[in-house]
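The values are calculated or read from the model by the stated rules, or taken from the named source; none is laboratory data. Predicted, not measured: the structure shown is a model, and the values here were computed from it. FYI the Cβ positions are ideal-geometry reconstructions off the backbone, even for glycines, and counts take in every protein chain you see.
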Amino acid sequence: MTIPPAPPRGFDTAEFARRIDRAQRLMRAHNFDGLVLTTPHNIRWATGFDSQFWESPTRPWFITLPADGAPIAVVPEIGAPQFTETWLDDIRTWPSPRPEDDGASLLADVLNTLPRSSGRIGFELGREMALRMPVTQFLDLRDRLPGVELADGAEVIWAIRMVKTEAEITHIRHICQIASAAYARVPDLVRPGMTEREAARALRIELAQQGADSTPFLPAISGPGGVPQIVCGPGDRVLRDGDVLFFDTGSTFDGYWCDFDRNYAVGALPDAARRTQDAMWRATDAGIAAARPGATAEDLFHAMAAIIQEVGPTDNNVGRLGHGLGMQLTEPPSHMFGDRTVIEEGMVLTIEPGVEYTPGKMIVHEENIVIRADGAELLTTRAPREMLIIQ
């Protein structure tokens, strides 16, 4: 398949202005005077700053988003040259690492000068969040800000990030098309007798050649008629006739992820596996059809579960049937019983029905979609109804 030309890397100032405008409207609606971002994906979302230096946990980095006004960066001196290349004007630095303080006093000065309405500052404390600063430093910061509540900002941060801009959607579509093209090449790249590890290496090379920046996530798992699990691997198991080979990739382009799988039949597929494959393909269709503005994540779960029940229980060990997608491999919401998150136009989601149709044999399908006013738009190239064959 032919992949359309890559979109330009990075984003212009107008794009970031739109993001911050939405963030500030939501902050005010949730009664926050500001948000403090510390993690790589949130900082990159707000500023465009990216660095391989994130692999070092030594230095904390802080971006303050006030409810009104421009963002303020409080970052180690080592990052200042590149931060001046972003759209931010207010960049404050210190000579990190300084474990006894490491930017806390500088950040406290910034937060003490924010206009106060609610007296609440949001941090990455809650659902699917991680605070990328020492907890002792966070507690010290709280003591430096009398009269200010350092609250869980996860709800508003996810409300901001779950709905993507068109520029973000274009990036996700591109990496989805890259991975779709690589998956289509698997029958030419993989043969019976190869190990899972060899098969995964061949696909990883193909993803890079098609234009993926990185492939941090690539389980490759096989088993007779289905796979025993979908999170670990590859291993050194040899592919044999009658196996199902499962690939799942989280690959990236310019900071944005795809996340979808494909199943391949190694030689002849057992009848039970073929029936389950067809049911999961239809369950995927049901999930895509249900994905409309105004539905809930739980509605998507029920739509897929109704088909899955034809072949087995829906309470498999995956725990959900899809999730959000963007600058992280997985984001809220979760398509599961009890998640009442309302689906909105602009959300990017995975549709991921799966079932353990007999003990130790799972088949899982997955596609990536974006929600439009009239329903779901596929970002991936839809999997064929019957598994492609490796022979």
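I'd like the full set of residues that are part of a loop (DSSP other than H, G, I, E, B) and buried (at least 20 other Cβ atoms within 10 Å of the Cβ), limited to the range 256-287.
Correct list: CYS258, ASP259, LEU269.
Go through ARG382, ARG320 for me and flag whichever is crowded, with 18+ Cβ neighbours inside 10 Å and closer than 22 Å to TRP281 by Cβ. If you could, list the steps in order and put the result at the bottom.
Values: ARG382 fails: crowded, with 18+ Cβ neighbours inside 10 Å.
Of the residues listed, the single one that is crowded, with 18+ Cβ neighbours inside 10 Å and closer than 22 Å to TRP281 by Cβ is ARG320.
GLU298: more than 12 Å from the chain's Cα centre (by Cα) and surrounded by fewer than 17 Cβ atoms within 10 Å (Cβ to Cβ), yes or no?
So GLU298 fails the test.
Using the structure shown, decide if GLY233 is in a loop (DSSP other than H, G, I, E, B) and modelled with pLDDT under 95.
Considered against the rule, which asks whether it is in a loop (DSSP other than H, G, I, E, B) and modelled with pLDDT under 95, GLY233 comes out as yes.
Does LEU111 meet the test of being within 23 Å of GLY153 (Cβ to Cβ) and crowded, with 21+ Cβ neighbours inside 10 Å?
Here the answer is yes, as LEU111 does meet what is asked.
PRO187 - would you say it is modelled with pLDDT of 95 or more and either among the hydroxyl-bearing types (Ser, Thr, Tyr) or assigned to a helix (DSSP H, G or I) (or both)?
So PRO187 passes the test.
Consider the range 134-171. How many of its residues are farther than 29 Å from ASN368 by Cβ and polar (S, T, N, Q)?
Within the range 134-171, residues that are farther than 29 Å from ASN368 by Cβ and polar (S, T, N, Q) number 2.
Looking only at the range 330-348, decide whether some residue is outside any loop (DSSP other than H, G, I, E, B), in the same structural domain as ARG191 (by TED's automatic domain parsing), free of Cβ contacts under 8 Å to residues at least 40 places away in the same chain and crowded, with 20+ Cβ neighbours inside 10 Å.
yes
Of the residues that sit in the range 130-146 and are crowded, with 17+ Cβ neighbours inside 10 Å and under 29 Å from the mean Cα position of the chain (by Cα), which one is nearest to PRO332 (Cα to Cα)?
Going through the qualifying residues, I end up with ARG132.
Among the residues of the range 303-322, are any within 24 Å of VAL156 (Cβ to Cβ) and hydrophobic (A, V, I, L, M, F, W, C)?
no
Out of all the residues in the range 289-300, is one or more within 23 Å of HIS174 (Cα to Cα), touching a strand residue (DSSP E or B) at 6+ places or on another chain (Cβ under 8 Å) and not aliphatic (A, V, I, L, M)?
yes
For the range 235-247, give me each residue that is surrounded by fewer than 21 Cβ atoms within 10 Å (Cβ to Cβ) and closer than 21 Å to HIS365 by Cβ.
Of everything in the range 235-247, just one residue is surrounded by fewer than 21 Cβ atoms within 10 Å (Cβ to Cβ) and closer than 21 Å to HIS365 by Cβ, namely GLY242.
Quick one: in the range 155-198, of everything that is crowded, with 23+ Cβ neighbours inside 10 Å and of a type in the set (Gly, Ala, Ser), which residue is farthest from ALA376 (Cα to Cα)?
Step by step, filter the range 155-198, then rank; the result is ALA182.
Contact list please: Cβ distance under 8 Å, first residue in the range 290-314 and over 16 Å from GLY324 (Cα atoms) and assigned by TED's automatic domain parsing to the domain that holds TYR357, second residue among the polar types (S, T, N, Q) and surrounded by fewer than 18 Cβ atoms within 10 Å (Cβ to Cβ), pairs at least six apart or on different chains.
GLY312/THR358
Residue by residue through the range 288-303, note down the ones that are part of a helix (DSSP H, G or I) and either farther than 21 Å from ALA383 by Cα or in contact with an Asp or Glu (Cβ under 8 Å, 6 or more places away or on another chain) (or both).
Within the range 288-303, ILE288, ALA290, ALA297, GLU298, ASP299, PHE301, HIS302 meet the criteria.
If a residue must be of a type in the set (Ser, Thr, Tyr) and farther than 20 Å from GLU168 by Cβ, how many such residues does the range 346-380 contain? Let's see the steps before the verdict.
Of all residues in the range 346-380, those of a type in the set (Ser, Thr, Tyr) come to 350, 357-358, 380.
Those still in the list that are farther than 20 Å from GLU168 by Cβ too: 357-358.
The qualifying residues number 2.
Tell me, please, whether a residue that is within 27 Å of ILE172 (Cα to Cα), part of a loop (DSSP other than H, G, I, E, B) and either small (Gly, Ala, Ser) or modelled with pLDDT under 95 (or both) can be found in the range 207-215.
yes
Just to be sure I understand the filter: pairs with C-beta atoms under 6 Å, separated by 6 or more residues or on different chains, first member in the range 356-371 and in a strand (DSSP E or B), second member of a type in the set (D, E, K, R) and at pLDDT below 95. Which pairs pass?
What qualifies is MET362/GLU356.
Here is a yes/no grid of residues against (1) under 30 Å from GLU206 (Cα atoms); (2) surrounded by fewer than 20 Cβ atoms within 10 Å (Cβ to Cβ); (3) among the acidic types (Asp, Glu); (4) within 25 Å of the chain's Cα centre (by Cα):
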{"position": "PRO7", "(1), (2), (3), (4)": "yes, yes, no, yes"}
{"position": "ARG22", "(1), (2), (3), (4)": "no, yes, no, yes"}
{"position": "ARG28", "(1), (2), (3), (4)": "no, yes, no, no"}
{"position": "GLU55", "(1), (2), (3), (4)": "yes, yes, yes, yes"}
{"position": "ASP90", "(1), (2), (3), (4)": "no, yes, yes, no"}
{"position": "PRO99", "(1), (2), (3), (4)": "no, yes, no, no"}
{"position": "LEU106", "(1), (2), (3), (4)": "no, yes, no, no"}
